[in-house]
1. From Ile49, Ile22, Ile10, grab the single residue that is touching an Asp or Glu at 6+ places or on another chain (Cβ under 9 Å) and either of a type in the set (A, V, I, L, M, F, W, C) or on the phi < 0 side of the Ramachandran plot (or both).
2. Quick check on Gly65: is it among the small types (Gly, Ala, Ser), closer than 22 Å to Phe5 by Cβ and surrounded by 16 or more Cβ atoms within 10 Å (Cβ to Cβ)?
3. Checking the conditions here, which among Asn37, Asn58, Asn20, Asn16 is of a type in the set (S, T, N, Q), surrounded by 13 or more Cβ atoms within 10 Å (Cβ to Cβ) and farther than 23 Å from Thr166 by Cβ?
4. Would you mention how many residues in the stretch 99-135 are in contact with a strand residue (DSSP E or B) (Cβ under 7 Å, 6 or more places away or on another chain) and charged (D, E, K, R)?
5. Which of the residues belonging to the stretch 77-108 are closer than 24 Å to Ala155 by Cβ and surrounded by fewer than 13 Cβ atoms within 10 Å (Cβ to Cβ)?
6. Tell me, which residue of the stretch 138-147 that is aliphatic (A, V, I, L, M) and closer than 22 Å to Pro30 by Cα is surrounded by the most Cβ atoms within 10 Å (Cβ to Cβ)?
7. Counting just the residues of the stretch 109-137 that are more than 10 Å from the chain's Cα centre (by Cα) and among the hydrophobic types (A, V, I, L, M, F, W, C), which one comes out surrounded by the fewest Cβ atoms within 10 Å (Cβ to Cβ)?
8. Can you tell me which residue within the stretch 16-56, out of those that are part of a loop (DSSP other than H, G, I, E, B) and acidic (Asp, Glu), is nearest to Cys105 (Cα to Cα)?
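The values are calculated or read from the model by the stated rules, or taken from the named source; none is laboratory data. Note that the coordinates shown come from a computational prediction; the quantities given were computed from them, not determined experimentally. Methodologically, a virtual Cβ is constructed for each residue, glycine included, from the backbone with ideal geometry; neighbour enumeration extends over all protein chains shown.
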Amino acid sequence: MSARFDQEGIHVTRFNGWNNSIGGLRPLYPYEVDDPNSGYLMGERQVGIYLSHWMLWNYLTTIEGDRFFIFEDDILFAPNWKQQWESDLSSLPDEWDLFYVGNCCLKDWPDNTQYSDHIWKVTKAQCLHAYMVRSKALPFMLEKCQKVWAPIDLALVWECQPYFNTFARLPSLVFQNDTELPP
């Protein structure tokens, strides 16, 4: 990934996430939004991803910056993505909190509204392989996402996005390698 970031002219700071196949943590609370009374508990991988994002947000509150661009380590960039991303940033409103440059599962939500050519104001953005977060949003995310009960992108959907100005880039500019994501 470091070589790919260098090719794209992106300076990144690597953040090592939680390897839950070693840690072995399990959630206490079931995720039942999609299937009430199922008792579904997330697996090791989902818990590790959850804790990794939460720990990263916590770290970001300790460093200077108004906005942070977070990439997972299994991403692919669309051709000319950087120029399009820079254009998208200039069209976002000043009060944005989350901006999903890569996303999924947005196509059929009736409450999405088009904000500009490729930017949509959304309420249920999913997938965290490439997203931006404002520093002002981090304390709220840390507080609301302490309970590990849903995959982290869905915890954000239910716990934070109703209170945030969340935007998504459609079509996405960053994708997950070897993963087919619904639009």
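1. Numbers: Ile22 fails: touching an Asp or Glu at 6+ places or on another chain (Cβ under 9 Å); Ile10 fails: touching an Asp or Glu at 6+ places or on another chain (Cβ under 9 Å).
Ile49 is the lone residue from the list that is touching an Asp or Glu at 6+ places or on another chain (Cβ under 9 Å) and either of a type in the set (A, V, I, L, M, F, W, C) or on the phi < 0 side of the Ramachandran plot (or both).
2. On the way: among the small types (Gly, Ala, Ser): yes; closer than 22 Å to Phe5 by Cβ: yes; surrounded by 16 or more Cβ atoms within 10 Å (Cβ to Cβ): no.
The answer is no for Gly65.
3. On the way: Asn37 fails: surrounded by 13 or more Cβ atoms within 10 Å (Cβ to Cβ); Asn58 fails: farther than 23 Å from Thr166 by Cβ; Asn16 fails: surrounded by 13 or more Cβ atoms within 10 Å (Cβ to Cβ).
From the options Asn37, Asn58, Asn20, Asn16, the qualifying one is Asn20.
4. 2
5. Pass one, the stretch 77-108, residues closer than 24 Å to Ala155 by Cβ: 92, 95-108.
Glu95, Lys107, Asp108 - these are the residues of the stretch 77-108 that are closer than 24 Å to Ala155 by Cβ and surrounded by fewer than 13 Cβ atoms within 10 Å (Cβ to Cβ).
6. Step one: filter the stretch 138-147 for residues aliphatic (A, V, I, L, M), giving 138, 141-142.
Applying the additional criterion that residues be closer than 22 Å to Pro30 by Cα yields 141-142.
Working: Met141: 24, Leu142: 15.
Here the answer is Met141.
7. Of the stretch 109-137, the ones more than 10 Å from the chain's Cα centre (by Cα) are 109-124, 134-137.
Keeping just the survivors that are among the hydrophobic types (A, V, I, L, M, F, W, C) gives 109, 119-120, 122, 137.
Details: Trp109: 12, Ile119: 20, Trp120: 19, Val122: 23, Ala137: 19.
Going through the qualifying residues, I end up with Trp109.
8. Narrowing the stretch 16-56 to residues part of a loop (DSSP other than H, G, I, E, B): 16-19, 24-43.
If we keep only those that are acidic (Asp, Glu) too, we end up with 32, 34-35.
Details: Glu32: 18, Asp34: 14, Asp35: 17 Å.
The selected residue is Asp34.
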